[in-house]
Amino acid sequence: MKSFTYERPGTPAEAAAAVAATPDAKFIAGGTNLLDLMKLQIETPRHLVDVNGLGLDAVEPTEEGGLRVGALVRNTDLAAHPRVRKDYGVLARALLAGASGQLRNKATTAGNLLQRTRCPYFYDTAQPCNKRRPGSGCSALDGVSRQLAVIGASEACIATHPGDMAVAMRVLDATVETIDAQGAARKIPIAEFHRLPGDDPARDTNLEPGELITAVTLPKPVPGTHIYRKVRDRASYAYALVSVAAILGKDGTGHVAFGGVAHKPWRVEAAEADLPKGARAVTARVFADAKPTHENAYKLKLAERTLGAALNQARA
């Protein structure tokens, strides 16, 4: 790990200003992903701005009937919160499907949204990777791609977003709240928060330099059965090959988002009109533009079967 400087600002605006003013600075909270990347010298910040202790750790009801989740609320606490368990079951289940108990105790809401891909070539510093070193190439295009994206990828990158929580927040239509270096607040719909790789895969989100996440707001609860299904190589502590976050009625109507298939949580709202027709009809539209590799084409059938299982669960 390379040496770095460190500070603990007193307010969110001070934190944003500190990162914006210091070249190669990073925010740190739980550190569950960033510290690993620093040890591997994939991330080499010269300065860390510790945002713990900024008072961003509350879960509060909103006037609209929703819930405002502070950026520093730990994953364990969010999954166990009574309102989340009662009204946002898909989110609680997605959180508990991720990582391990020890990691969830440290991981924060904002950090979970910002976690970086687990593409093996991103972690192998001996291999070209446009996300880690822009312009160096994408080793995954002709390499091992079994776990990587089947849709929304580019010639520069076929990495996937690794998270579970973000997939649930996508189906809930959450909103990410931020503050920038000038102290200005911004609200970003979760659908616009994560980016597709395009020709600039080094950027995972649409955050501006120094912009700090302060909270995530969940809208008024959506009625229906809240389901999160995650298919992975082993029963725990593994990233999704395919995941489905769904809120479904017994008649099959509802909402659905997919994880493990793209550079961001993947949802095609227009396809949800076909939910009563069954999983095949929906996934045919959701993945109409898919371009899988020969190693990960199985994900298309896996997504259909996982959604089918969710539909059966909702009807039971």
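Could you please find all residues in the stretch 178-205 being among the charged types (D, E, K, R) and within 15 Å of the chain's Cα centre (by Cα)? Walk me through it before giving the result.
To start, the set of residues in the stretch 178-205 that are among the charged types (D, E, K, R) comprises 180, 186-187, 192, 195, 199-200, 203-204.
Passing the criteria: GLU192, ARG195, ARG203, ASP204.
For the stretch 170-255, the strands (runs of 3 or more DSSP E) that sit wholly inside it and include 2 or more residues that are in contact with a Pro (Cβ under 9 Å, 6 or more places away or on another chain) and under 30 Å from GLN102 (Cα atoms) are 175-179, 212-218, 242-248. Take LYS250 and decide whether it is more than 19 Å from the chain's Cα centre (by Cα), open to solvent by 10 Å² or more (accessible area, probe 1.4 Å) and either of a type in the set (Val, Ile, Thr) or over 28 Å from THR109 (Cα atoms) (or both). Judged against the criteria, LYS250 is a match. When residues in the stretch 264-304 are screened for being within 25 Å of ASP204 (Cα to Cα) and in contact with a His (Cβ under 7 Å, 6 or more places away or on another chain), 2 of them pass.
Test VAL144 against the stated conditions and say whether it is open to solvent by less than 10 Å² (accessible area, probe 1.4 Å) and of a type outside the set (Asp, Glu). Explain how you work it out, then say what you get.
Values: open to solvent by less than 10 Å² (accessible area, probe 1.4 Å): no; of a type outside the set (Asp, Glu): yes.
When the stated conditions are applied, VAL144 does not pass them.
Yes or no: the stretch 78-88 includes at least one residue that is open to solvent by less than 20 Å² (accessible area, probe 1.4 Å), aromatic (Phe, Trp, Tyr) and out of contact with any helix residue (DSSP H, G or I) (no Cβ under 7 Å at 6 or more places or on another chain). Looking through the stretch 78-88, at least one residue is open to solvent by less than 20 Å² (accessible area, probe 1.4 Å), aromatic (Phe, Trp, Tyr) and out of contact with any helix residue (DSSP H, G or I) (no Cβ under 7 Å at 6 or more places or on another chain). Among the residues of the stretch 93-112, the ones that are open to solvent by 10 Å² or more (accessible area, probe 1.4 Å) and either without any contact (Cβ under 8 Å) to a residue 24 or more places away in the chain or of a type in the set (Ser, Thr, Tyr) (or both) come to 3 in all.
Table: residues versus (1) aliphatic (A, V, I, L, M); (2) open to solvent by less than 50 Å² (accessible area, probe 1.4 Å).
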position: THR5; (1), (2): no, no
position: LEU40; (1), (2): yes, no
position: GLU43; (1), (2): no, yes
position: ALA58; (1), (2): yes, yes
position: LEU67; (1), (2): yes, yes
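Across the stretch 113-129, the number of residues qualifying as open to solvent by less than 20 Å² (accessible area, probe 1.4 Å) and either of a type outside the set (A, V, I, L, M, F, W, C) or more than 22 Å from the chain's Cα centre (by Cα) (or both) comes to 1. When LEU48, LEU54, LEU72 are checked against the criterion of being closer than 19 Å to MET165 by Cβ and in contact with a Leu (Cβ under 9 Å, 6 or more places away or on another chain), LEU72 stands alone in meeting it. Return only the number of the condition from (1) touching a helix residue (DSSP H, G or I) at 6+ places or on another chain (Cβ under 6 Å); (2) open to solvent by 20 Å² or more (accessible area, probe 1.4 Å); (3) under 17 Å from LEU241 (Cα atoms) that SER139 does not satisfy. SER139 satisfies every listed condition except (3). Is it the case that ASP274 is in a loop (DSSP other than H, G, I, E, B) and either touching a Ser or Thr at 6+ places or on another chain (Cβ under 6 Å) or surrounded by fewer than 19 Cβ atoms within 10 Å (Cβ to Cβ) (or both)? No, not satisfied.
The values are calculated or read from the model by the stated rules, or taken from the named source; none is laboratory data. Small disclaimer: the values here were computed from a predicted structure and weren't measured. We place every Cβ from the backbone using ideal geometry, glycine too, and count neighbours over all the protein chains shown. Heavy atoms of the whole protein, side chains included, go into the accessibility calculation; ligands, DNA and RNA do not. Shrake-Rupley method; radii C 1.70, N 1.55, O 1.52, S 1.80 Å.
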